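A.B. asks: Okay, here's the structure, questions in a sec.
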Amino acid sequence: MNRKIAIAGYRMKAASDLVTTRERLTFELTRGLFDDLGIDRDHVGTTIFATNDFLDGRTISNVFLDPPAGVYMRDESKVEMDGLSALVYACMRILSGQYETALLVAFGLCGSQVSPYLHVEYTLNPTYDRQLGLLNELSAAGLQARSFLNKFGYSEDLLDEIAARNLRNAALNRDQARGIKDASAKDIKDSSYLYEPLRELHTYPATDGGCAVLLASETKAKELTDKPVWILGMGQSIESYYLGERNLYESRSTREASGRAYAMAGIDKPEAEVDFAEVSSLFAQQEPILTEALGLYGPGDAEKAYAGDNGIAGSLPVNPSGGPLGAHPICATGLFRLNEAIKQLRGEAGKNQVKKAEIGVVHGQDGVCAQQNTVVVLGI
Amino acid sequence: MEAPAENFFTPVVPLDFVYNYRVGPYIERYLRGFKDKKILGSKCPGCGKVVVPARMYCGPCNRRMEELVEVSQEGSLENYTIGHVILEKGAIKPAKGPYMLGLINLDGTDSLLLGRVEGVSVAAAKPGLRVKAVWKEELDGDFKDLDHFEPV
């Protein structure tokens, strides 16, 4: 990149029900972030929202957000996707040389406002899949889980281990909406099947949540914070919508996206150079699928990894925050991963802190079974 | 910054309207094929792959698939899930009983077709299991004509 870009600060908030409005959440996040950094709206060059009109139930839903986000009469735009896509857009705006700072605001209110499953239901092909009525977010995830277990000969116990680990980690993290202290694999197995082998506790919780993140050019970042976290690389990729044309046990588009991000960051051997990962695994099986695609663990290494290597105290931790099984505020989830990585890199992750955190990789997704993926590499 | 807990008035605001989509000529022909108990796929002139249901564009080749071909009604079950719930307008509800959904590779095709599978127990479900299409008794040229798949 021709300019260095850092994250200067962030605010995040999640719960099963925040008992709030979009506008109020936006104000608390952005005004709170401004106060943290000792700035006001005059310091913000451009603002990008990551929100979803369908979930908000109104078109161009950002039109009411200019007062609470401080963007009245300012440069403002929106990305109708996961927040990490908005981050890529915001970086491009800073890289253009036109802006020194970019504010990201992302939220989804699927805990209280509308069912999260409608988000994918209305992604589906209206003239085929929606007519047939067989495919939905959960049946697709069930097929993906079965494909993954069959491919590598794992038992369903692995999904229970993954979910238990994440819910335990999430219980240590005050930024998560759901956690289960001391969760065991048995606790997970006691939850009901949705689409076998997928159980209730293998899936993300319906979540209200949002975040605000301020990106800044090198000069500006050093003025705003003593702890800048640098964006070293980013990449995106999209694969076929049709599940019948993808190997569901792998994520080729995440592999492509991470290849681009690592090349930009000058990383040749991610498994040796990356210290930890925060990935948007919405269902238990997606965590090993994504970390394999990110080049951090080999295909078929999942059982070994979950024996300890990828835990908080392990050699290459994955989702030490507890990941999206703790909170999935649609549109903000990728940026939640980013914020969790910032906490790690700044040494502010408390009980979730990993031993070594100098380079982290974060991942965001959109679409059915992670059709579209964004990967960002961060460093201090 | 923490706001005290409050109760907000929560009006229920439905959205209720209709979209008139065109399914396009390939799905039209695909459904017309159902009336004759035929399953149509489309073949890419670039990579030669055949995908079912028929669709118009090949992603990897970025080309229009010109040729519609009839494909086999038999194939192998490649992937499956047992539904214990249904989703109704976004709400999870218990299913009447467990049911199997399968991704099926019809012989001679390069994609997997999603369908209901009957007559296969969880224990018997294995990738590669041979299955065949079962049609409804009265055919309407509708999505539901191809009722389910069952073991050969």
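A.B. asks: Among the numbered criteria (1) assigned to a loop (DSSP other than H, G, I, E, B); (2) in contact (Cβ under 8 Å) with a residue 24 or more places away in the chain, which one does A:Thr127 miss?
C.D. replies: Unmet for A:Thr127, out of (1) assigned to a loop (DSSP other than H, G, I, E, B); (2) in contact (Cβ under 8 Å) with a residue 24 or more places away in the chain: (2).
A.B. asks: For A:Ile180, state whether it is among the β-branched types (Val, Ile, Thr), open to solvent by 20 Å² or more (accessible area, probe 1.4 Å) and within 17 Å of A:Asp366 (Cα to Cα).
C.D. replies: Judged against the criteria, A:Ile180 is not a match.
A.B. asks: Out of the residues in the stretch B:8-67 that are within 19 Å of the chain's Cα centre (by Cα) and of a type in the set (Phe, Trp, Tyr), which is nearest to the other protein chains (Cβ to nearest Cβ)?
C.D. replies: B:Tyr21
A.B. asks: Does A:Lys356 qualify as being under 19 Å from A:Ala177 (Cα atoms) and open to solvent by 30 Å² or more (accessible area, probe 1.4 Å)? Let's see the steps before the verdict.
C.D. replies: Values: under 19 Å from A:Ala177 (Cα atoms): no; open to solvent by 30 Å² or more (accessible area, probe 1.4 Å): yes.
For A:Lys356, the condition - under 19 Å from A:Ala177 (Cα atoms) and open to solvent by 30 Å² or more (accessible area, probe 1.4 Å) - is not met.
A.B. asks: Grab the helices (runs of 4 or more DSSP H) fully contained in the stretch A:261-380, keeping just those with 1 or more residues being in contact with an Asp or Glu (Cβ under 7 Å, 6 or more places away or on another chain).
C.D. replies: Where helices (runs of 4 or more DSSP H) fall fully within the stretch A:261-380 and carry at least 1 residues being in contact with an Asp or Glu (Cβ under 7 Å, 6 or more places away or on another chain), they are A:286-293, A:333-345.
A.B. asks: Does A:Ser115 satisfy the condition of being open to solvent by less than 40 Å² (accessible area, probe 1.4 Å), of a type in the set (S, T, N, Q) and at pLDDT 95 or above?
C.D. replies: yes
A.B. asks: Among the numbered criteria (1) in contact (Cβ under 8 Å) with a residue 24 or more places away in the chain; (2) within 9 Å of chain A (Cβ to nearest Cβ), which one does B:Lys89 miss?
C.D. replies: Exception for B:Lys89: condition (1).
A.B. asks: Further, regarding this structure: Quick check on my filter: what residues within the stretch A:23-33 are open to solvent by 10 Å² or more (accessible area, probe 1.4 Å) and either more than 10 Å from chain B (Cβ to nearest Cβ) or more than 23 Å from the chain's Cα centre (by Cα) (or both)?
C.D. replies: Pass one, the stretch A:23-33, residues open to solvent by 10 Å² or more (accessible area, probe 1.4 Å): A:23-24, A:27-28, A:31.
Hit for the stretch A:23-33 is A:Glu23, nothing else.
A.B. asks: In the stretch A:362-380, which residue that is small (Gly, Ala, Ser) and within 12 Å of A:Ser281 (Cα to Cα) is farthest from the chain's Cα centre (by Cα)?
C.D. replies: A:Ala370
A.B. asks: Of a type in the set (Asp, Glu), closer than 20 Å to A:Tyr195 by Cα and facing another protein chain (nearest Cβ under 9 Å) - does that describe any residue in the stretch B:111-124?
C.D. replies: Scanning the stretch B:111-124, I find no residue that is of a type in the set (Asp, Glu), closer than 20 Å to A:Tyr195 by Cα and facing another protein chain (nearest Cβ under 9 Å), so the answer is no.
A.B. asks: Here's something else I'd like to know. Please indicate, with yes or no, whether at least one residue in the stretch A:202-216 is assigned to a helix (DSSP H, G or I), within 14 Å of another protein chain (Cβ to nearest Cβ) and either buried (at least 24 other Cβ atoms within 10 Å of the Cβ) or not aliphatic (A, V, I, L, M) (or both).
C.D. replies: Yes, that holds for at least one residue.
A.B. asks: Just to be sure I understand, how many residues within the stretch B:138-152 are more than 11 Å from chain A (Cβ to nearest Cβ), in contact (Cβ under 8 Å) with a residue 60 or more places away in the chain and either open to solvent by less than 50 Å² (accessible area, probe 1.4 Å) or within 13 Å of the chain's Cα centre (by Cα) (or both)?
C.D. replies: 4
A.B. asks: Among (1) over 20 Å from A:Glu239 (Cβ atoms); (2) crowded, with 18+ Cβ neighbours inside 10 Å; (3) touching a helix residue (DSSP H, G or I) at 6+ places or on another chain (Cβ under 9 Å), which single condition is B:Tyr26 missing?
C.D. replies: Unmet for B:Tyr26, out of (1) over 20 Å from A:Glu239 (Cβ atoms); (2) crowded, with 18+ Cβ neighbours inside 10 Å; (3) touching a helix residue (DSSP H, G or I) at 6+ places or on another chain (Cβ under 9 Å): (3).
Residue-wise test of (1) within 17 Å of A:Gly334 (Cα to Cα); (2) charged (D, E, K, R).
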{"site": "A:Ile5", "(1), (2)": "no, no"}
{"site": "A:Tyr10", "(1), (2)": "yes, no"}
{"site": "A:Ala14", "(1), (2)": "yes, no"}
{"site": "A:Leu33", "(1), (2)": "no, no"}
{"site": "A:Asp40", "(1), (2)": "no, yes"}
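A.B. asks: Of everything in the stretch A:1-46, what is out of contact with any strand residue (DSSP E or B) (no Cβ under 8 Å at 6 or more places or on another chain) and acidic (Asp, Glu)? Give them in sequence order.
C.D. replies: Once the filter is applied, which keeps residues that are out of contact with any strand residue (DSSP E or B) (no Cβ under 8 Å at 6 or more places or on another chain) and acidic (Asp, Glu), the stretch A:1-46 yields A:Glu23, A:Asp35, A:Asp40, A:Asp42.
Conditions tested, residue by residue: (1) at the interface with chain B (Cβ under 8 Å from one of its Cβ atoms); (2) modelled with pLDDT of 95 or more; (3) more than 24 Å from B:Phe143 (Cβ to Cβ); (4) not in a helix (DSSP H, G or I).
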position	(1), (2), (3), (4)
A:Leu134	yes, yes, no, yes
A:Ala141	no, yes, no, no
A:Gln144	no, yes, no, no
A:Ser147	yes, yes, yes, no
A:Asn150	yes, yes, yes, no
A:Leu158	no, yes, yes, no
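A.B. asks: Moving to a separate point now. What number of residues within the stretch A:1-36 satisfy the criterion of being part of a strand (DSSP E or B) and not hydrophobic (A, V, I, L, M, F, W, C)?
C.D. replies: 4
A.B. asks: Between residues in the stretch A:248-261 that are under 17 Å from A:Gly300 (Cβ atoms) and residues that are among the aliphatic types (A, V, I, L, M) and surrounded by fewer than 17 Cβ atoms within 10 Å (Cβ to Cβ), which pairs lie under 6 Å by C-beta distance while being six or more apart or on different chains?
C.D. replies: The qualifying pairs do not exist here.
A.B. asks: Looking only at strands (runs of 3 or more DSSP E) that fall completely inside the stretch B:50-137, which ones have 2 or more residues that are within 30 Å of A:Phe54 (Cα to Cα) and open to solvent by less than 10 Å² (accessible area, probe 1.4 Å)?
C.D. replies: B:74-88, B:91-106, B:113-117
A.B. asks: So A:Ser96 ticks every box in (1) surrounded by fewer than 22 Cβ atoms within 10 Å (Cβ to Cβ); (2) under 27 Å from A:Ala50 (Cβ atoms); (3) free of Cβ contacts under 8 Å to residues at least 24 places away in the same chain; (4) within 14 Å of another protein chain (Cβ to nearest Cβ) but one. Which box is left unticked?
C.D. replies: A:Ser96 satisfies every listed condition except (4).
A.B. asks: Pick from the stretch A:110-132 the residues that are of a type in the set (Val, Ile, Thr) and at the interface with chain B (Cβ under 9 Å from one of its Cβ atoms): which of them is farthest from the chain's Cα centre (by Cα)? Break it down into steps so the answer makes sense when it comes.
C.D. replies: Let us first name the residues in the stretch A:110-132 that are of a type in the set (Val, Ile, Thr), namely A:114, A:120, A:123, A:127.
Restricting the remaining residues to those that are at the interface with chain B (Cβ under 9 Å from one of its Cβ atoms) gives A:114, A:127.
Values: A:Val114: 20, A:Thr127: 30 Å.
The qualifying residue farthest from the chain's Cα centre (by Cα) is A:Thr127.
For (1) modelled with pLDDT under 95; (2) of a type in the set (S, T, N, Q); (3) touching a Phe, Trp or Tyr at 6+ places or on another chain (Cβ under 9 Å), each residue gets a yes or a no:
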| site | (1), (2), (3) |
| --- | --- |
| B:Val13 | yes, no, no |
| B:Tyr21 | yes, no, no |
| B:Pro25 | yes, no, no |
| B:Arg29 | no, no, no |
| B:Lys35 | no, no, no |
| B:Leu40 | no, no, yes |
| B:Val69 | no, no, no |
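A.B. asks: When the residues of the stretch A:225-253 are narrowed to those that are open to solvent by 10 Å² or more (accessible area, probe 1.4 Å) and under 17 Å from the mean Cα position of the chain (by Cα), which ends up farthest from the other protein chains (Cβ to nearest Cβ)?
C.D. replies: A:Met234
The values are calculated or read from the model by the stated rules, or taken from the named source; none is laboratory data. Computed from a prediction, not measured in an experiment: that's the story for all the values here. Ideal geometry is used to build each Cβ from the backbone, glycine not excepted, and the neighbour counts take in all protein chains shown. Ligands, DNA and RNA are stripped out before the accessible areas are found, and what is left, the full protein with its side chains, is counted by its heavy atoms. Shrake-Rupley method; radii C 1.70, N 1.55, O 1.52, S 1.80 Å.
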